[in-house]
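Enquirer: Mind having a look at this structure? Questions to follow.
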Amino acid sequence: MQFSFTDEQQEFRAVLRRFFEETSPPTAVRRLMATEAGWEAGAWRDLNTRLGLCGVHVPEEYGGQGFGFVELGIVLEEMGRALVCAPYFASTVLATTAILNGASPAQKGALLPPLVAGERVATLAFAEPSGCWDAGGVEATATPASGGKFRIDGVKSFVLDGTTADLILVLARRPGSSGEEGLSLLSLAGDAPGLTRAPLQPLDPTRKIARLNFEGAEAELLGEEGGAAAPFAKTMHEAAAMLACEMVGGAERLRESALDYANLRMQFGRPIASFQSMKHKQADMLLEVELAKSAAYYAADAAADSAPDLPAVASLAKAAASEAYLQTAIHTIQIHGGIGFTWDNDTHLWFKRAKSSEAFLGDPTWHRERMIQAWAA
């Protein structure tokens, strides 16, 4: 078991931090979150031509960097710290990982290189208006059609970057099946006939979500028909671990912001950081964030090794990071005082991301239940 990052990984983190501090300051975040798409194609290409981040965990045979989920977790942590506005989680963490887990070798060879190069953006549509984050909530159906294709009928909601993605991966089921039986992973173009995309009003304007309506939209099957349950479950565990890494990056940024402000803000002739109650609060924040980081790092390592306890530790990390991120955001607003909840102060940007990420892929209560079930199995 490795309990620290290597020198190469630390240097990788330093390069990423410098890059994101340069390209994603709060002014850029505010500008992009006000746009309809929420990101810029030029900046997305730059992200890939300069650093090749879309292929971090993709094998070299498909054009990727050949690293693993520990390195991908570092990328997500630094992106969460800078609140980067890009379709990275949708395209790289969800869609690319789903292809790696569920597609055939030939399909991987056709789909992955454009995604790795940043030439295409993909997303994974799995959740539905019911708000269920596992396979049991899937009601969209996939019916065999001519030419080996399938017709998709149903509605998908809370789809990250669903209105701008070029490629849509859809989790649907065989008509009449239930639970984890009869699930298939399919792909279709974002402008395919029978697909209607509509943006939803997000709590977090830095991360766009959409509702997708399928009315007989034709799609190609990825992998085996009815065999997507296991690949999808693995993808969700890995995505939860990566989301935890992103969240602890944002939490660390907020904690540092609160500490800097406490050292700067003067009251009764001295910095408020010198007051005992403030020292206690700062210590509590540090403890919560560091514990959440440890859980996130452990989950990333488990994902990299395809460890048997990945389902449990991924849920543990997601639950811990969700609570630490949101609580740190609340403390940061309180420490900033009256300026903390104004629009001009940047804290609310991370607070909204913390709240939306808490619900995305399942809230802490849901994940703790999943963790107990995984350990009991």
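Enquirer: Any chance you could count how many residues in segment 156-205 are closer than 19 Å to Gly118 by Cβ and of a type in the set (Gly, Ala, Ser)?
Expert: Qualifying residue count, segment 156-205: 5.
Enquirer: Has segment 352-372 got any residue that is open to solvent by 30 Å² or more (accessible area, probe 1.4 Å) and in contact with a His (Cβ under 9 Å, 6 or more places away or on another chain)?
Expert: No, segment 352-372 contains no residue that is open to solvent by 30 Å² or more (accessible area, probe 1.4 Å) and in contact with a His (Cβ under 9 Å, 6 or more places away or on another chain).
Enquirer: Shifting gears a bit: Do any residues in segment 172-185 that are outside any strand (DSSP E or B) have Cβ atoms under 6 Å from those of residues that are hydrophobic (A, V, I, L, M, F, W, C) and surrounded by 16 or more Cβ atoms within 10 Å (Cβ to Cβ), where the two are at least six apart or on different chains, and which pairs are they?
Expert: Glu180/Ala135; Glu180/Ala229
Enquirer: Would you confirm whether or not segment 96-108 contains a residue that is at positive phi and either open to solvent by 10 Å² or more (accessible area, probe 1.4 Å) or assigned to a helix (DSSP H, G or I) (or both)?
Expert: No: zero hits.
Enquirer: Just to check your reading of the model, which residue among Glu224, Glu220 is in a strand (DSSP E or B) and among the charged types (D, E, K, R)?
Expert: Checking each option against the conditions leaves just Glu220.
Enquirer: While we're here: How many residues does segment 190-217 contain that are within 30 Å of Gly80 (Cβ to Cβ) and of a type in the set (A, V, I, L, M)?
Expert: Within segment 190-217, residues that are within 30 Å of Gly80 (Cβ to Cβ) and of a type in the set (A, V, I, L, M) number 6.
Enquirer: I'd like the full set of residues that are in contact (Cβ under 8 Å) with a residue 24 or more places away in the chain and not in a loop (DSSP other than H, G, I, E, B), limited to segment 114-140.
Expert: Correct list: Leu115, Val116, Ala122, Thr123, Leu124, Ala125, Ala135, Gly136.
Enquirer: Could you give me the residue pairs with C-beta distances under 8 Å whose first residue belongs to segment 1-23 and is open to solvent by 80 Å² or more (accessible area, probe 1.4 Å), whose second residue is hydrophobic (A, V, I, L, M, F, W, C) wherever it lies, and which are 6+ apart or on separate chains?
Expert: If the second residue must be hydrophobic (A, V, I, L, M, F, W, C), the pairs left are Glu21/Ala82.
Enquirer: For segment 333-348, enumerate the residues that are buried (at least 17 other Cβ atoms within 10 Å of the Cβ) and either part of a loop (DSSP other than H, G, I, E, B) or at pLDDT 95 or above (or both).
Expert: Residues satisfying the conditions are Asn345, Asp346.
Enquirer: Shifting gears a bit: Would you point out which residue out of Glu246, Glu256 is among the acidic types (Asp, Glu) and surrounded by 23 or more Cβ atoms within 10 Å (Cβ to Cβ)?
Expert: The conditions single out Glu246.
Enquirer: Residue under question is Tyr261, and the condition is that it be within 20 Å of the chain's Cα centre (by Cα), part of a helix (DSSP H, G or I), buried (at least 20 other Cβ atoms within 10 Å of the Cβ) and of a type in the set (Phe, Trp, Tyr); does it hold?
Expert: No; evaluated as a whole, the condition is false for this residue.
The values are calculated or read from the model by the stated rules, or taken from the named source; none is laboratory data. Being a predicted model, the structure only gives us computed values, none of them experimental. Every residue, glycine among them, receives a Cβ derived from its backbone with ideal geometry; neighbour counts consider all protein chains shown. Only protein heavy atoms, including side chains, enter the accessible area calculation; ligands, DNA and RNA are left aside. Shrake-Rupley method; radii C 1.70, N 1.55, O 1.52, S 1.80 Å.
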